[in-house]
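Report on the structure given below.
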Amino acid sequence: MAMDTDSTLCFECGKPAAGQLVCSGCGVVQHGATEEPDFFALFALPRRLSIDLADLEARYYALSRELHPDLFQTRSPAEQVASLRAAALVNRAYRTLRDPVRRALYWLTIHGEALGRNNDRVPAELATQVFAVQEKLEELRERRQTGAAEAVEGEVRESHALLRRQMRALEERLQETFARADRSEEQAASLAETKALLSELHYLRTLIRDVEQELEPEWSAS
Amino acid sequence: MERIVGIDLGTTNSLVAFLDQDAPRVFADPETGSVLVPSVVSFPAGGDAIVGERAKALAATAPVTTIQSVKRFMGLGPEHLSASDRLRYTFVEGEAAVVRFRIGARTYTPPEVSALILRELKRRAEAALGAEVRKAVITVPAYFNDSQRQATKDAGRLAGLEVLRLVNEPTAAALAYGLDRRNEGSVAVYDLGGGTFDISILKLERGIFEVKATNGDTRLGGDDIDERLGLWFLAAADLPAETAQSREVRALVRRAAEEAKCRLSSRDETEMAVTLPDGTRVARRIGRSELEELIAPIVERTLGPCRQALKDAAMRSEDVDAVVLVGGSTRIPLVRERVRALFRREPLCDLDPDEVVALGAGVQAGILSGRRKDMLLLDVVPLSLGIETMGGVMTRLVERNTTIPTGVRETFTTAVDNQTAVDIHVLQGERELSGDCRSLARFSIPIELAAAGFPRIEVTFMIDANGILSVTARDVRTGKEHSVDVKPSYGLTDEEVERMLEESIDHAEEDVAARLLAEARTDADTFLRQIERTLAEAPEFLQSGEREAIDAAIAELRRATAGRDHDRIRDLIERLNAGTAPLAQRIMSASIKRALERKAASELAP
């Protein structure tokens with residue numbers, strides 16, 4: 001098996017959401033085998049990148065109180081299955097929308113601008129920085145074998161702090177871009193900018209994870 | 001009315017609870033008054049299995065035929081057994097995928113042994129309620145993987161219980177605490193039991209219990225502390241190697257260690273003594289500080305998962321509003337001290353740490369039976385799920401701490417020209433390489449011939465509210481959905497469970513056909529009641545002609561239940577169910593709409 005690089009980034013939803021969640025005429029949920037409703041519509045929200053998280057959570061809880069499979073245990077099997085599907089969909093939609101990066105990726109997807117898996121363009125400075133930090137990590141690993149790793153570890157901690165600051169700055173810029181995109185002054189420019197920011201964020205996140213893994217290994221049982 | 005009980009199937013002890021009016025209560029043994037059933041099963045030669053207190057008494061004299069801590073073996077294969085496991089019990093080696101204990105001429109899988117404990121709990125609940133109990137909620141460690149959860153469900157089935165829900169132990173404890181205190185905010189539940197450790201971080205808000213993150217270790221608990229203390233004793237007593245290696249002596253030492261450990265929770269010093277099979281008494285004194293030195297590394301192992309759970313919940317320890325202690329091992333002062341230091345607050349332990357999980361299971365049983373509508377659990381999957389891709393890499397489809405139920409679909413392609421089939425290897429775990437993750441299942445789907453990179457295989461993962469995964473795969477180009485024959489890596493197949501059920505029934509008395517008919521009729525009755533309720537409550541969702549079609553199918557099913565053909569009854573149930581699926585879908589859509597309207601209305605209200 002291999003990842004299908006031809007397909008669009010199937011981050012959360014397979015297709016641009018065709019149609020609405022609830023048909024205004026008969027009230028039927030529009031999710032068949034492959035089609036999915038728009039996650040924004042699911043929460044009765046406009047397709048905007050800036051979201052009030054407390055409001056989103058309240059909507060999520062309200063839906064969960066109606067749809068969760070726990071509430072259908074005494075109902076017919078068909079209703080249990082429908083509840084399982086609906087709750088799974090709501091959970092996934094909430095997970096997507098509450099995180100700014102996932103939300104933006106999803107937003108790009110429904111605008112037909114999915115971020116590719118392998119063709120992200122990275123600014124040259126960031127690429128240089130990634131390279132330098134990776135080298136430092138390599139050095140840290142070597143020093144740990146031979147002892148006297150403290151100095152290098154200090155340097156790695158410093159770059160970790162710097163990366164975190166860069167990350168926060170990028171997240172703020174992403175929020176600003178969200179606001180601009182929502183005003184839809186320059187939709188095309190916003191799309192391009194969002195894409196560029198997301199790929200930078202993606203690289204930074206991966207790098208920060210690598211650094212943290214080295215400084216404080218993630219606890220895992222397996 | 002349907003009676004659903006809540007069961008805490010613990011490593012050391014098990015309990016059964018029921019939601020009485022609005023408060024859960026645990027059922028006690030009418031004779032001894034004890035609520036705990038020791039999770040011990042003894043198999044005397046030529047007799048029936050003995051469960052509970054009497055079996056525990058046999059553990060020291062018949063250690064090989066008495067199984068303790070069976071929970072630690074659930075969902076495992078022989079390759080997961082440790083040296084100390086093999087020292088303790090005899091296992092069937094080789095062919096089998098699932099661990100099997102060898103007891104005399106027979107072998108038992110962990111689900112079969114657990115089923116005997118569940119039967120005992122079922123009997124206790126039935127005696128107390130004066131009615132048959134067929135449905136249960138069973139708790140499992142939050143960090144249990146898919147195989148371990150499946151094994152627990154299988155145990156329920158073998159015990160004649162329909163397992164309506166597997167609930168995570170720390171979540172159940174939070175439910176009991178939430179019910180008790182009506183508190184809101186974030187709660188960390190630290191659950192150190194006999195054999196497993198869990199940490200869960202939850203957010204409580206107006207009856208919603210949302211798990212933010214969970215972590216743990218399914219082979220870490222009081223048993224490890226007893227083992228450590230036992231090894232200290234054997235070394236301090238300086239017994240001849242032959243004596244120290246004997247299973248009888250080890251069982252005696254383990255018992256003495258457990259008792260000494262408990263005494264040291266309230267005293268500064270105690271004597272640990274063992275009377276060997278030859279009558280010699282060996283005794284050594286041990287102080288609390290010595291014990292603490294011995295077990296500090298074990299307690300330390302619980303802190304990594306706590307830090308990781310906080311990080312995954314995007315919280316710092318000071319953001320946690322309350323810390324709840326669950327499990328017998330949290331009585332140990334050193335454990336409390338470490339938890340207090342990590343979270344910088346006094347942990348809560350006002351509910352009995354042995355009972356709190358069962359009480360929560362009782363509450364959840366009440367929620368499922370529709371008797372409590374004000375509380376709802378939103379739990380998560382503890383470990384990431386994915387499939388093996390090129391180069392032996394684990395590709396994650398569902399990240400750990402994703403709220404369940406959840407579903408995800410991903411498209412894959414081939415790496416080699418003209419493959420006739422694609423092998424799908426389902427994995428669970430956090431490591432990068434598939435070999436380091438837990439294998440859950442393997443299956444193969446046939447595809448049309450094509451060059452590498454052209455086929456598109458769509459893999460769908462669905463995780464239900466029990467945290468149990470089902471997988472389907474589809475060749476996108478042909479559109480053919482392949483009914484997937486999943487071979488569980490470390491579980492029992494449906495056929496094996498069926499066979500075990502057959503074997504456990506006394507064939508001399510039993511007419512299999514009569515039983516199948518009776519079961520089909522009961523299921524048809526339940527199903528018909530449910531359908532009629534739906535029709536009565538939601539007539540506005542019916543489309544023209546639909547009511548007539550459903551009524552005709554109902555009438556046909558009713559006629560069939562008067563007959564003796566159980567297969568026909570099953571077919572008609574299936575057909576009627578499929579016929580009502582669109583109606584169910586419409587009702588669900590209306591629920592979504594109503595929920596959002598109600599939410600909007602409450603915002604307008606002052």
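The values are calculated or read from the model by the stated rules, or taken from the named source; none is laboratory data. Given the structure is predicted, the values throughout are model-derived calculations rather than measurements. Counting neighbours? That spans all protein chains shown, and the Cβs are built from the backbone with ideal geometry, glycine included.
When the stretch B:544-571 is examined, which residues are found to be within 13 Å of chain A (Cβ to nearest Cβ) and either in contact with a strand residue (DSSP E or B) (Cβ under 9 Å, 6 or more places away or on another chain) or touching a residue at least 24 places away in the same chain (Cβ under 8 Å) (or both)?
Result: B:GLU546, B:ILE550, B:ALA553, B:ILE554, B:LEU557, B:ARG570.
Filter the stretch A:52-79 down to the residues that are without any contact (Cβ under 8 Å) to a residue 24 or more places away in the chain, crowded, with 19+ Cβ neighbours inside 10 Å and over 18 Å from B:ARG372 (Cα atoms) and list them by number.
Hits for the stretch A:52-79 are A:ARG59, A:SER76, A:PRO77, A:ALA78, A:GLU79.
Limited to the stretch B:340-371, what total is found for residues that are crowded, with 24+ Cβ neighbours inside 10 Å and away from chain A (no Cβ under 14 Å)?
Total satisfying the criteria: 5.
Do you know which residues across the stretch B:572-597 are over 21 Å from B:LEU535 (Cβ atoms) and more than 7 Å from chain A (Cβ to nearest Cβ)?
Passing the criteria: only B:GLU597.
Filter the stretch B:131-184 for residues that are of a type in the set (Asp, Glu) and out of contact with any strand residue (DSSP E or B) (no Cβ under 8 Å at 6 or more places or on another chain) and give the result.
B:GLU132, B:ASP154, B:ASP180 - these are the residues of the stretch B:131-184 that are of a type in the set (Asp, Glu) and out of contact with any strand residue (DSSP E or B) (no Cβ under 8 Å at 6 or more places or on another chain).
For residues that are part of a strand (DSSP E or B) and polar (S, T, N, Q), scanning just the stretch B:446-472, find the one that is nearest to B:LEU427 (Cα to Cα).
The selected residue is B:SER470.
Anything in the stretch A:64-101 that is more than 30 Å from A:MET167 (Cβ to Cβ) and among the aliphatic types (A, V, I, L, M)? List them, or say none.
Correct list: A:LEU67, A:LEU71, A:ALA78, A:VAL81, A:ALA82, A:LEU84, A:ALA86, A:ALA87, A:ALA88, A:LEU89.
Hey, among A:LEU45, A:LEU71, A:LEU56, A:LEU105, which residue is touching a helix residue (DSSP H, G or I) at 6+ places or on another chain (Cβ under 9 Å), farther than 26 Å from A:GLU176 by Cβ and more than 7 Å from every other protein chain (Cβ to nearest Cβ)?
Unique residue meeting the criteria: A:LEU71.
Out of curiosity, is B:VAL422 buried (at least 18 other Cβ atoms within 10 Å of the Cβ) and facing chain A (nearest Cβ under 7 Å)?
So B:VAL422 fits the description; yes.
From the list A:ALA78, A:ALA62, A:ALA88, A:ALA148, which one is in contact with a strand residue (DSSP E or B) (Cβ under 9 Å, 6 or more places away or on another chain), over 30 Å from A:LEU170 (Cβ atoms) and either within 14 Å of chain B (Cβ to nearest Cβ) or not in a helix (DSSP H, G or I) (or both)?
A:ALA88
In the stretch B:372-400, how many are touching a strand residue (DSSP E or B) at 6+ places or on another chain (Cβ under 6 Å), surrounded by fewer than 22 Cβ atoms within 10 Å (Cβ to Cβ) and part of a loop (DSSP other than H, G, I, E, B)?
Result for the stretch B:372-400: 3.
Filter the stretch A:18-42 down to the residues that are touching a helix residue (DSSP H, G or I) at 6+ places or on another chain (Cβ under 6 Å) and more than 9 Å from every other protein chain (Cβ to nearest Cβ), then identify the one that is modelled with the highest pLDDT.
Here the residue is A:PHE39.
Could you figure out which of (1) modelled with pLDDT of 85 or more; (2) within 24 Å of A:PRO69 (Cα to Cα) isn't true of B:SER591?
All conditions are met except number (1).
Considering each of B:THR460, B:THR395, B:THR414 in turn, give the residue that is facing chain A (nearest Cβ under 10 Å) and touching a Lys or Arg at 6+ places or on another chain (Cβ under 7 Å).
When all the criteria are applied, what remains is B:THR460.
Can you report the number of residues in the stretch B:425-439 which are assigned to a helix (DSSP H, G or I) and surrounded by fewer than 18 Cβ atoms within 10 Å (Cβ to Cβ)?
Selection size over the stretch B:425-439: 2.
Consider B:LEU220 carefully, then state whether it is in contact (Cβ under 8 Å) with a residue 12 or more places away in the chain, among the aliphatic types (A, V, I, L, M) and over 29 Å from B:LYS311 (Cβ atoms).
When the stated conditions are applied, B:LEU220 does not pass them.
Among the candidates B:ALA314, B:ALA309, single out the residue that is part of a loop (DSSP other than H, G, I, E, B) and either within 14 Å of another protein chain (Cβ to nearest Cβ) or among the acidic types (Asp, Glu) (or both).
Just one listed residue meets the conditions, B:ALA314.
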